[in-house]
Structures are given as structure tokens and as C-alpha cells.
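**Q** Please find one structure pasted underneath; my questions will follow.
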Amino acid sequence: RFENTLVKKWEAPLVNDFFCMIYFGLLQKLVIKYKLDENGTLHNNLVSGAKDIVSTEPVTLTSSIANWISQSDEATALFKNYAPAYILSALRQEKFFTNQ
């Protein structure tokens, strides 16, 4: 169920990312061809300046979750010592979100 939901929600962004990768490579080749950048980083700097890319949301959220876990002794113990089903059950009880 989770995988189906994830794939349906992220199908369009993943397709967009595929085309972005193609055009990113093309941009890199054009920057090199026309000698627009001596350092070879212009294409990356142009693209990395965008902060609102939908397909980066899973990475951003995963990083936020990892930070939250590492800052809470109780959450760290939960994730180290219990099975995923138990962790999910504990998180659904929302007892871990009282300090947020």
C-alpha cells in the first residue's frame, strides 16, 4: 500500500527529474562548448540555486526525521531497539511529538 501511494504521488516529479537530468547534462555540455565557465561549475550553480523542487521533498523530509531522531534519546532508542511495526504503532500514538 505504501509503495503504491508513493509511486502514484511521485510519478510526475520522477518523470520531471528524468528530463531535468537530461537537460542538466546538455547544459553542462553547452557551458563547456561555449567556454562560459572556467571552473566547470556554472551549470551546477544555476540549477542548485532552485530551492522549491518538489522531487527533493522526500530527501528533505527524511533528513528532518533523522535529525529529530538523533536529538531525542527516546526516539533513538525506539528506532534502534524495536521492529518497524512497533515503531509505527508508537509514532501513531503521538507521544513522541509532545516536545515539537
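**Q** Report the one residue of VAL54, TRP10, LEU42 whose Cα lies farthest in the direction of the positive end of the charge dipole of the chain (charges on C-beta: Lys and Arg +1, Asp and Glu -1; origin at the Cα centre).
**A** Ranked along the dipole, the leading option is TRP10.
**Q** For ASN45 and LYS80, what is the calculated FRET efficiency with R₀ set at 41 Å and r taken between the beta-carbons, to the nearest 0.05?
**A** So, using R0 = 41 Å, E works out to roughly 0.55.
**Q** Once the Cα gyration tensor of the range 54-100 is diagonalised, what are the square roots of 5 times its eigenvalues, in whole Å and ordered largest first, as equivalent ellipsoid semi-axes?
**A** Ellipsoid semi-axes (Å, largest first): 20, 12, 11.
**Q** Rounded to the nearest 500, what is the 222 nm mean residue ellipticity of the chain from helices alone, with -39500 (n - 2.57) per DSSP H run of 4+ residues and division by all residues?
**A** Value at 222 nm, helices only: -23000 deg cm²/dmol.
**Q** Would you mind working out the magnitude of the charge dipole of the chain relative to its Cα centre, with +1 at each Lys and Arg C-beta and -1 at each Asp and Glu C-beta, to the nearest 20 Debye?
**A** Roughly 200 debye for the chain.
**Q** Take the chain, mark every one of the trypsin sites (Lys or Arg not before Pro) that falls in a DSSP loop and has at most 11 other Cβ within 10 Å, then report the longest stretch left between them, sites excluded.
**A** 52-100
**Q** Also, I was wondering about something else. Can you tell me which lysines have their Cα less than 26 Å from the Cα of LYS9? Leave out same-chain residues fewer than eight positions away.
**A** Those lysines meeting the cut-off are LYS51.
**Q** Moving on to the next point. Find the relative contact order for the chain and round it to a whole percent, using C-alpha pairs within less than 8 Å whose residues are 6+ positions apart.
**A** 19
**Q** Now for a separate question. Restrict the search to the range 10-100; then list the chymotrypsin sites (Phe, Trp or Tyr not before Pro) that DSSP places in a loop and that have at most 10 other Cβ atoms within 10 Å of their Cβ.
**A** Loop-located and lightly packed - TYR34.
**Q** Give me the three principal axis extents of the range 1-90 from the C-alpha atoms, as integers in angstrom, largest value leading.
**A** 57, 30, 19
Rule-based calculations on the coordinates, nothing more; no lab input. Every value quoted in this text rests on a predicted model; they were computed, and no experiment measured them. Cβ atoms come from the backbone with ideal geometry, glycine included; neighbour counts cover every protein chain shown.
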